[in-house]
Every structure is written in C-alpha cells, then in structure tokens.
1. Using θ = phi - 60° and the Karplus form 6.51 cos²θ - 1.76 cosθ + 1.60, what ³J(HN,Hα) does each residue of region 250-266 get, whole Hz, x for Gly and Pro?
2. Between Gln220 and Gln84, how high is the FRET efficiency from 1/(1 + (r/R0)^6) when r is the Cβ-Cβ distance and R₀ = 35 Å? Nearest 0.05.
3. To one decimal place, what Kirkwood hydrodynamic radius in Å is obtained for region 215-282 from all pairs of distinct Cα atoms?
4. Given 10 °C and 1.306 mPa s, compute D for region 148-231 with the Stokes-Einstein relation, Rh being the Kirkwood radius over Cα pairs; round to the nearest whole µm²/s.
5. With Rg and the Kirkwood Rh both taken from Cα atoms, where does Rg over Rh land for region 14-135?
6. Amide H neighbours of Leu303 under 5 Å, at least 5 residues apart or on other chains, H built in the peptide plane: list them.
7. Quote the accessible area belonging to Cys275 in square angstrom, nearest 10, computed with a 1.4 Å probe and with ligands, DNA and RNA left uncounted.
8. Quick check on the chain: helices-only [θ] at 222 nm, where DSSP H runs of length 4 and up contribute -39,500 (n - 2.57) each and the sum goes over total residues. Nearest 500, please.
Amino acid sequence: GMPAAPPPVLAPRRKTRQIKVGSVGVGSDSPISVQSMTTTPTTDINATLQQIAELTASGCDIVRVACPSADDADALPIIARKSQIPVIADIHFQPKYVFAAIEAGCAAVRVNPGNIRKFDDQVKEIARAAKDHGTSIRIGVNAGSLEPGILKKYGKATPEALVESAVWEASLFEEHGFHDFKISVKHNDPVIMVAAYEMLAEQGDWPLHLGVTEAGPAFQGTIKSATAFGALLSRGIGDTIRVSLSAPPVEEIKVGNQILQSLNLRPRKLEIVSCPSCGRAQVDVYTLAEQVTAGLEGMEIPLRVAVMGCVVNGPGEAREADLGVASGNGKGQIFVKGEVIKTVPESQIVETLIEEAMRIAEEMGEA
Ligand code: SF4
C-alpha cells in the first residue's frame, strides 16, 4: 500500500550547518539526538563503559564524560575506543586536557570558555588539533561560569550575556577557519534559557545543543526541561538535547526521548493512553496503568495501548489504539485494532495486555 505520511510536526527545523560528532550527524539534516553524561568516575574505565552500555541500550545517541584530572584524561583513549556511541570529553579549567581528549580519539570536546583561563589565546591551537583529528567542539556557555568581563557588563547571566559570550567564542573559532562546532547557552531558568537560544538562533547557523542546567530532581527537572525544550523545538530550534536531572542518567535519556517522541521528532514507541480516572472508574486506573507501563517497558515497536477506567470513553479510546482495555464491573474488555477479542476478569487484565502486546510485536517483527 501507500507509505504512511510522516507524522506532523509543529515547525520545520531551523536550517543549520551540519557537523559530525563521531558517527552521529548533528544539524538540521540529521535527526535530533539525545545525550547524557556519565556519573561514574572517568578513571573507573569499566564502570564508565558499563554505564555507557546502559545508556546506549536506553536510546542515548551521544555520551559525555567528565575529565577533571590527568588520570581521567588517561582513561579517555580506551573509553573512546570501546564505547558504542560517540564520546564527548567535558573540559573545564585545563586546556591541556582539551588536547589530550582530541588525541585520545574523543568524537568531540566540550569546552567552557568561561572556565578556561586565557581560553581565547588558545583557540587557534585547539582549532588546529581538532581539525587534524576530525574532532568537533561544543562551545558550552553556562550561566554559572560566565567570563568575568561579560558578567561585569551585564550584571548577571542575562540572555544577552550568554549569547554575547557564545557568539564571541564562535567568532574566534571561525576566524581560524574552524566551523565544526555546536553551541549551548545553558541557564537553570527555562525562561532565560529559551530567550537566550532564540536570540542565538537568529545570529548564526550553528547547530544548537539544548539544556536547562541544574534543572533539579527528576520531577522538577523533567518539567523544566520539557517546557523549555518544547518551546524551542516547537519553533524548530535544537539539534541535540540533554535533560539534566539529579537522577541516574538513564532517566535523562528516557525523558529526552519522550520529549522528542511527544513532538513527533522521533518515532513513537510505546505510548500509554490512560485516563486520569474519575468518579465513574470501576477499576484502580493508576495501578493498572503503572503495571501495564512496567510490563511493556522496553518494547521497541510503536504501540499505542489504551488503559481506560470505565465504558464512557473507554471503548472509543481503546478502539483508536493498537491495543486497549475498557474496564467495568470487575472485568476488562480487551481490544486489539478496534475489535473486542475477549473479556477477562480484572485480575487478568495486565497479563492479557502484555500477552497481546508481545503477540503484536512478534507479528510486526515478521512482517
Ligand atoms: Fe472517568 Fe471513565 Fe473517563 Fe476514565 S474513561 S476518566 S473512568 S469517564
């Protein structure tokens, strides 16, 4: 039959130059990629590679590792070689580690000009080394570490201050003929962050890496990141994203992927359509939705599963989904592609949905 039309998006991507972070394309010709950062000491090579493997399995495209000491820099060659996904070395303070990371074969190096003393004098050498090794750069401006001169001029980390710092550093790399970089201008306040990225997007064709920095614990950080990224991505701004949470990095990947999937910027996988429940509910919808979500976690096929508390909207939503249940009177009507295939007692709803999901996944795998 006809190939399905791509799902609608809210805005076309902003046109950017194209760069590579290792094997991953970054820029408007490439899908938006999701990043996280390891929390293991980089010197613990096995633990770091183990965490990178977990991140890769959860859908991480690019991983960043901290490099605060010479021992960390020494660990980079093996990590860069053995990681399944491109590795970015995160460098503050010590320019010598920038060169070490480039020579170690890292796909990219994140530099924070505000934290590297006399950074501007070293851009030429950094640009040359990066070019020689095919390494890309992220200019990572951060509200918490603005250059003193700019901080003095603006009084605090305003959008203008963040953008001025970023544009200045970008111009230095470009003066030296180096163009393979992306930029971030992170702030912990989503309103300032969004304003900064909007302003930056107007001033050049750089790919942009989105992040709300120090966004907080999982609940607050998820919401801050989703609202800020949503505002920007819905206008086509953003080429890589990192959700910063005070939580295990795999959680950051799940949130990042969910943000992109919600905006049709990444193919949807498992989607649970569950009702909020109300006075009509005849089953415990919260528990049911949680159990179904947990039972289906990790499903790789696009599957919409409806979990509905009663028969008012239940059958309607359940019919629209690939798979669903509409509950009532201690029973659940199980729908597959709009047809009631069976009615089971409440205690068997979860296992039946999981069974049917596995069966659909198998059929799709064979198709
Ligand atoms: Fe309430 Fe039924 Fe709607 Fe759920 S599906 S919110 S229980 S009316």
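1. The phi angles translate into 4, 5, 4, 5, 4, 5, x, 5, 5, 4, 5, 5, 4, 9, 6, 9, 8 Hz.
2. For Gln220 and Gln84, the calculated efficiency is 0.65.
3. Across region 215-282, the inverse of the average 1/r is 13.2 Å.
4. On the way: Rh = 13.5 Å.
Translational diffusion coefficient: 118 µm²/s.
5. For region 14-135, the value is 0.96.
6. HN-HN under 5 Å from Leu303: Leu270, Glu271.
7. We get 30 Å² for Cys275.
8. Calculated from helices alone, the mean residue ellipticity at 222 nm is -13500 deg cm²/dmol.
The values are calculated or read from the model by the stated rules, or taken from the named source; none is laboratory data. All values derive from a computational prediction rather than experimental measurement. FYI the Cβ positions are ideal-geometry reconstructions off the backbone, even for glycines, and counts take in every protein chain you see. For the accessible areas, the whole protein counts, side chains as well, though only heavy atoms, and no ligand, DNA or RNA atoms are used. Shrake-Rupley method; radii C 1.70, N 1.55, O 1.52, S 1.80 Å.
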